[in-house]
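The values are calculated or read from the model by the stated rules, or taken from the named source; none is laboratory data. Keep in mind the model is a prediction, meaning the values are calculated, not measured. When we count neighbours, we look across all protein chains shown, and the Cβ atoms used for this are built from the backbone with ideal geometry, even at glycine. Ligands, DNA and RNA are excluded from the accessible area calculation, which covers all protein heavy atoms including side chains. Shrake-Rupley method; radii C 1.70, N 1.55, O 1.52, S 1.80 Å.
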Amino acid sequence: MTFNNKKLEYRVTLDTELNLFIVFSKEDESKMATGTTIQNAVTELQKIA
């Protein structure tokens, strides 16, 4: 899925083996972050994006 967070566009995937959400920046796919919730992962991505 692709989402837009007013400042950041990102794509979300779920790793079902690790139970982690992984978000990728749409502008730069090499930037990614993980979290136990989508919001945690987005917050981490915002720190590096």
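So how many residues does the stretch 21-36 have that are open to solvent by less than 60 Å² (accessible area, probe 1.4 Å) and among the hydroxyl-bearing types (Ser, Thr, Tyr)? Summing the residues that are open to solvent by less than 60 Å² (accessible area, probe 1.4 Å) and among the hydroxyl-bearing types (Ser, Thr, Tyr) in the stretch 21-36 gives 1.
In the stretch 30-49, the qualifying residues are those that are in contact with a Phe, Trp or Tyr (Cβ under 8 Å, 6 or more places away or on another chain) and among the hydrophobic types (A, V, I, L, M, F, W, C), and the one that is nearest to LEU14 (Cα to Cα) is ILE38.
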